[in-house]
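Reviewing the structure listed below.
The values are calculated or read from the model by the stated rules, or taken from the named source; none is laboratory data. Remember, predicted model here, so these are calculated numbers, not experimental data. FYI the Cβ positions are ideal-geometry reconstructions off the backbone, even for glycines, and counts take in every protein chain you see. The area values use the complete protein model at the heavy-atom level, side chains included, leaving out ligands, DNA and RNA. Shrake-Rupley method; radii C 1.70, N 1.55, O 1.52, S 1.80 Å.
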Amino acid sequence: MEVPAKTILLEEGKVSQHYIFIEKGCVRLFFNNNGEEKTVQFFFEEEGLASFDSFVNNVPSQCSIETIEPSVVYMLPRQYAIQMIEELMIEKGFAQMMLQMFALRQTHYINEFISFIRDTPEQRYQNLLKERPHIIQRVPQHYIATYLGITTVHLSRIKSKIAKGKTHF
């Protein structure tokens, strides 16, 4: 499907019925917290996603999935994704590859969780600049701010300090 920016692919509270693969574009996973959107993650070309708890356990999703840019996405219905996985399980190495993919994603989320506890917003922004600069280049600032857990004003202050060469806050 070719979809414009700001297209909701999964609405919070609905059961995830598709595995989404991104051919082109940028997608975010977010939730609503008392009227404020909080971004959990960004996804780009050649990445796939779903609200996994919802997708696997057939329960309402805690998150929404939305395109940030005009995107080309494949929406594989749940029944076909499960059928495909069952058929591929007999292939040598497939189960190991799936486990590695899940472990990678789990490790990423654990690292993000620890960073939110341990690091300051400035440190989290510096880490983002160093480890995932494509996010800074492609994602609007207000989404980056919600991802970092700060306001856009605070993000502007951090960027200004970095631009002035101040690495300690």
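Scanning region 1-37 for residues that are touching a residue at least 60 places away in the same chain (Cβ under 8 Å), over 21 Å from TYR80 (Cα atoms) and either β-branched (Val, Ile, Thr) or exposed (fewer than 13 other Cβ atoms within 10 Å of the Cβ) (or both) yields VAL3, PRO4, LYS6, THR7, GLU36.
The residue pairs whose first member lies in region 97-118 and is hydroxyl-bearing (Ser, Thr, Tyr), whose second member is outside any helix (DSSP H, G or I), and whose beta carbons are closer than 6 Å, counting only pairs six or more residues apart or on different chains, do not exist in this structure.
For region 12-39, a residue qualifies if it is under 19 Å from GLN137 (Cα atoms) and at pLDDT below 95, but none of them does. In region 38-55, of all residues being farther than 14 Å from GLU66 by Cα and assigned to a loop (DSSP other than H, G, I, E, B), the one that is least open to solvent (accessible area, probe 1.4 Å) corresponds to GLU45. When we screen GLN62, GLN96, GLN106 for residues that are among the polar types (S, T, N, Q) and under 16 Å from GLU47 (Cα atoms), the only hit is GLN106. If the condition is being open to solvent by less than 60 Å² (accessible area, probe 1.4 Å), in a helix (DSSP H, G or I) and either of a type in the set (A, V, I, L, M) or over 14 Å from PHE42 (Cβ atoms) (or both), then region 110-123 contributes SER115, PRO121, GLU122. Every test in (1) over 20 Å from LEU49 (Cβ atoms); (2) within 23 Å of the chain's Cα centre (by Cα); (3) exposed (fewer than 13 other Cβ atoms within 10 Å of the Cβ) is passed by THR107 save one, and that test is (1).
Test SER61 against the criterion of being without any contact (Cβ under 8 Å) to a residue 60 or more places away in the chain, surrounded by 13 or more Cβ atoms within 10 Å (Cβ to Cβ) and of a type outside the set (D, E, K, R), and give yes or no.
When the stated conditions are applied, SER61 passes them.
Remark: pairs (first residue in region 83-95, within 14 Å of TYR19 (Cβ to Cβ); second residue at pLDDT below 90; Cβ separation under 6 Å; 6+ apart in sequence or on different chains) = LEU88/PHE94.
Can you tell me which residues in region 76-96 are surrounded by 11 or more Cβ atoms within 10 Å (Cβ to Cβ) and either at pLDDT 90 or above or aliphatic (A, V, I, L, M) (or both)?
Residues satisfying the conditions are LEU76, PRO77, ARG78, TYR80, ALA81, ILE82, GLN83, MET84, ILE85, LEU88, ALA95.
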